[in-house]
1. Show me the three semi-axes of the equivalent ellipsoid for region 172-268, from the C-alpha gyration tensor (sqrt of 5 times each eigenvalue), largest first, rounded to whole Å.
2. Considering only protein heavy atoms and a 1.4 Å probe, what is the carbon-and-sulfur percentage of the accessible area of region 47-152?
3. Leu261: accessible area at probe 1.4 Å, nearest 10 Å²?
4. For a label point 7 Å from the Cα of Asp61 along Cα→C-beta, name the residues of region 144-180 whose backbone N is under 14 Å from it.
5. Separation between the Ala79 and Asn222 pseudo-spin-labels, each 7 Å from Cα along Cα→Cβ, expressed in nm?
6. Where only protein heavy atoms count, and the probe is 1.4 Å, what is the accessible area per residue for the chain in Å²?
7. Cβ under 13 Å from Leu174's Cβ, Leu174 left aside: what net charge do those residues give with Lys, Arg +1 and Asp, Glu -1?
8. What share of Cα pairs, in percent, lie more than 26 angstrom apart in region 111-261?
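The values are calculated or read from the model by the stated rules, or taken from the named source; none is laboratory data. Predicted, not measured: the structure shown is a model, and the values here were computed from it. Backbone-built Cβ (ideal geometry, glycine too); neighbour counts: all protein chains shown. Keep in mind that these areas ignore ligands, DNA and RNA; they rest on the heavy atoms of the full protein, side chains included. Shrake-Rupley method; radii C 1.70, N 1.55, O 1.52, S 1.80 Å.
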Amino acid sequence: MPEVQFSHPAEIEGSFTQMMALEEIDTNIYRGGYVFEEPYALYGGQVAAQSLRAAGLTVEDDRHPHSLHGYFLRPGNAAKPTVFQVFRDRDGRSFSARRVVALQEGKVIFNMSASFARAVESPEHGEPLPVAEAPLGTPTTLPRMFSFESRTTEQVYDAPDYPLRFWARCVEDLGDDQLLHQCALTYLSDISSGVGAYNSADYKSDSSLDHAVWFHQDVDLNAWTLMDLHPEAVSHGRGLYRGRLGTQDGVHVATIAQETLFRPTAQG
């Protein structure tokens with residue numbers, strides 16, 4: 001199958017770690033003041049990662065996110081700050097539940113539910129990721145993503161616009177802050193679309209509608225991480241895909257699922 005690569009719009013330099021440095025402006029209220037100009041709506045992975053960061057700042061250090069579910073409600077503007085309001089729904093002995101509302105100009109652009117848990121001992125089972133070729137060729141930047149690079153690998157689907165299987169990693173040192181690594185995975189998780197396998201001259205995968213991430217293992221986003229996306233279904237102008245993320249050793253560290261718009265290609 002021919003190699004597929006991301007198309008690269010004009011690149012904007014930026015820092016992922018600075019983007020994640022939220023300002024606490026009141027109890028349970030944070031502001032993302034890292035702004036920049038770009039000719040697109042705010043990248044969904046950014047607002048999702050910042051929302052997870054805001055939620056994580058309100059839980060005990062020994063609790064890490066194991067799942068998140070978010071809805072993209074309005075287009076955001078990268079040139080304007082985003083305010084994140086966190087609701088502490090529950091703190092139990094092992095789990096903490098949080099809701100986050102992301103606002104710009106007083107309007108909700110994204111909301112998220114996230115659950116955090118203490119690690120406990122248990123048996124571990126699971127299918128390893130399929131063996132994929134190691135990252136090939138010269139690393140390239142990922143479009144619209146700060147501090148990330150990618151490399152191609154073999155493709156499973158004949159998706160014409162962008163790859164459904166690729167390697168990526170963050171080139172900024174994320175240190176040992178596991179929440180920051182999980183935010184980096186969330187940032188990455190929205191960059192492609194498994195529904196792209198169904199793209200044609202007449203219809204195309206479009207804006208994200210809702211997004212979910214489940215974390216199974218600690219993650220290291222400074223290491224090469226495989227994104228392996230698979231389409232599930234398209235109907236009524238919406239498409240669903242699922243994905244798995246893992247290490248070069250085949251360890252399955254996270255699962256994602258997303259629903260997107262699937263609309264007619266704009267005609268000139």
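1. Details: eigenvalues 171, 32, 25 Å².
Taking √(5λ) for each eigenvalue gives 29, 13, 11 Å, largest first.
2. That share works out to 52 percent.
3. Spelled out: Leu261, probe radius 1.4 Å, area about 40 Å².
4. Residues 176-180 qualify, since their backbone N sits under 14 Å from the label point.
5. So the label points at Ala79 and Asn222 sit 3.6 nm apart.
6. Details: 13090 Å² over 268 residues.
Normalised by residue count, the accessible surface of the chain is 49 Å².
7. Counting the neighbours of Leu174, the net charge comes to -4.
8. Tail of P(r) above 26 Å: 25 percent of Cα pairs.
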